[in-house]
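Novice: Handing you this structure, nothing more for now.
The values are calculated or read from the model by the stated rules, or taken from the named source; none is laboratory data. None of these values were measured; they are calculated from a predicted model. Counting neighbours? That spans all protein chains shown, and the Cβs are built from the backbone with ideal geometry, glycine included.
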Amino acid sequence: MVARLAVCLLLAPFLLGIIGKTKAFFAGRVGRPYLQVYYDVFKLLQKGSVYSRTTTWIFRAAPLVSLAAVLASALLIPFGGWAAPVSFWGDALLFAAFFGLARFFMMLAALDTGSSFEGMGASREAAFSCVSEIVLFLNFATLVILSKSFSLSQMIGERSWPSWTAMGPSLILVVLSTFIVLLVENSRIPVDDPATHLELTMIHEVMALDHSGPDLAFIIYAGAVKLFVLGAFLVAILVPYQSHHRSIDAVVFLSGMGLLAVAIGVVESGMARLRLDRVFAFIIGSFVLALFGLIVALARVL
């Protein structure tokens, strides 16, 4: 369990470095170093935090709760040849609940500041997550039907390449819709641009504007871990490779995660941030994909 959490903490920020380097490559720039996020977090941890007199304990607790929740979700996902330390029937619900808990506290912290600007970001976060969570549960339902289990360890951790022969159409739709959910949940382009502070386009970043020092470091790290965990979930579906050698499984998993980060960078380089009224259409597109995946899975069973 400790080793799994250490892997998440050590490797999660590196994915952001790969995304940044990929975007810089397409823009014809050198870009920031791969380890820039580590430098930023270390620098923030050495600073002090500033709190407004209008905030309560919720504002101070939210970054830690958010980081703890996404780290706890990592214990439910099998990846890199490692079985999930925590596995039971219905753990997929707990997996989604941890993400909901992290989001809930971050929205409360934004509202706790009394700022209408941060309240706007919390409102957008809540609106978009309503649809993305439905998509996630539709994908869970599809995987439950295909695996005949409601545990993540069996849903994504005990399949092999032949499963793509029989379940290919459903799994392709699950992968595509999950990739969109990953972009939405991590506020990536085309849903949000983490590199901008433009009022009309901000969603997640606006909720962290009043945080500073270690609190901001925890929020950045929580975002990186959340990307890593959802990426691990997606890679486990897309590359169901398992051998008797844990080192080989780890190499395959890390390669898949690296390619996923490159894919995110390519998407962000080739697309602009969508207008706010079109973001819902983008998310609803993932809902349609997930719904068709469920229908195809049901048709196969019936």
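Novice: Name every residue in segment 258-273 that is under 28 Å from I284 (Cβ atoms) and either part of a helix (DSSP H, G or I) or touching a helix residue (DSSP H, G or I) at 6+ places or on another chain (Cβ under 6 Å) (or both), in order of residue number. Talk me through it step by step, then tell me what you get.
Specialist: Applying the first criterion (under 28 Å from I284 (Cβ atoms)) to segment 258-273 yields 259-273.
Those that are under 28 Å from I284 (Cβ atoms) and either part of a helix (DSSP H, G or I) or touching a helix residue (DSSP H, G or I) at 6+ places or on another chain (Cβ under 6 Å) (or both): L259, L260, A261, V262, A263, I264, G265, V266, V267, E268, S269, G270.
Novice: So S177 fits all but one of (1) surrounded by fewer than 16 Cβ atoms within 10 Å (Cβ to Cβ); (2) under 15 Å from the mean Cα position of the chain (by Cα); what number is the exception?
Specialist: (1)
Novice: Tally the residues that are of a type in the set (F, W, Y) and crowded, with 17+ Cβ neighbours inside 10 Å, restricting the search to segment 105-124. Give the derivation first.
Specialist: Initial filter on segment 105-124 (of a type in the set (F, W, Y)): 105, 117.
Narrowing further to those that are crowded, with 17+ Cβ neighbours inside 10 Å: 105.
Total satisfying the criteria: 1.
Novice: Let me ask another. Which of the residues that make up segment 59-108 are without any contact (Cβ under 8 Å) to a residue 12 or more places away in the chain and closer than 21 Å to A208 by Cβ?
Specialist: Correct list: A68, F104.
Here is a yes/no grid of residues against (1) of a type in the set (V, I, T); (2) in contact (Cβ under 8 Å) with a residue 40 or more places away in the chain; (3) surrounded by 17 or more Cβ atoms within 10 Å (Cβ to Cβ); (4) closer than 21 Å to V225 by Cβ:
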site	(1), (2), (3), (4)
L15	no, yes, yes, yes
G28	no, no, no, no
V41	yes, yes, yes, yes
G48	no, yes, no, no
W57	no, no, no, no
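Novice: Right, something else. In this structure, does I219 turn out to be buried (at least 18 other Cβ atoms within 10 Å of the Cβ), in contact with a Lys or Arg (Cβ under 7 Å, 6 or more places away or on another chain), of a type outside the set (G, A, S) and closer than 28 Å to A84 by Cβ? Spell out the reasoning first.
Specialist: On the way: buried (at least 18 other Cβ atoms within 10 Å of the Cβ): yes; in contact with a Lys or Arg (Cβ under 7 Å, 6 or more places away or on another chain): no; of a type outside the set (G, A, S): yes; closer than 28 Å to A84 by Cβ: yes.
Spelling it out, it is not the case that I219 is buried (at least 18 other Cβ atoms within 10 Å of the Cβ), in contact with a Lys or Arg (Cβ under 7 Å, 6 or more places away or on another chain), of a type outside the set (G, A, S) and closer than 28 Å to A84 by Cβ.
Novice: From L182, L254, grab the single residue that is in contact with a helix residue (DSSP H, G or I) (Cβ under 7 Å, 6 or more places away or on another chain) and in a helix (DSSP H, G or I). Explain how you work it out, then say what you get.
Specialist: On the way: L254 fails: in contact with a helix residue (DSSP H, G or I) (Cβ under 7 Å, 6 or more places away or on another chain).
One residue alone meets the criteria, L182.
Novice: Another question, if that's okay. Looking only at segment 39-60, count how many residues are among the hydrophobic types (A, V, I, L, M, F, W, C) and farther than 18 Å from I220 by Cβ. Please lay out each step first, then the result.
Specialist: Pass one, segment 39-60, residues among the hydrophobic types (A, V, I, L, M, F, W, C): 41-42, 44-45, 50, 57-59.
With the extra rule that they be farther than 18 Å from I220 by Cβ, the set shrinks to 57-58.
Total satisfying the criteria: 2.
Novice: Using the structure shown, decide if I219 is touching a His at 6+ places or on another chain (Cβ under 8 Å) and either at pLDDT 90 or above or under 17 Å from V7 (Cα atoms) (or both). Don't jump to the end; show me each part of the working.
Specialist: On the way: touching a His at 6+ places or on another chain (Cβ under 8 Å): yes; either at pLDDT 90 or above or under 17 Å from V7 (Cα atoms) (or both): yes.
Criteria met by I219.
Novice: Which one of the conditions (1) more than 19 Å from S73 (Cβ to Cβ); (2) assigned to a helix (DSSP H, G or I) does S129 fail to meet, given that it meets all the rest?
Specialist: The failed condition is (1).
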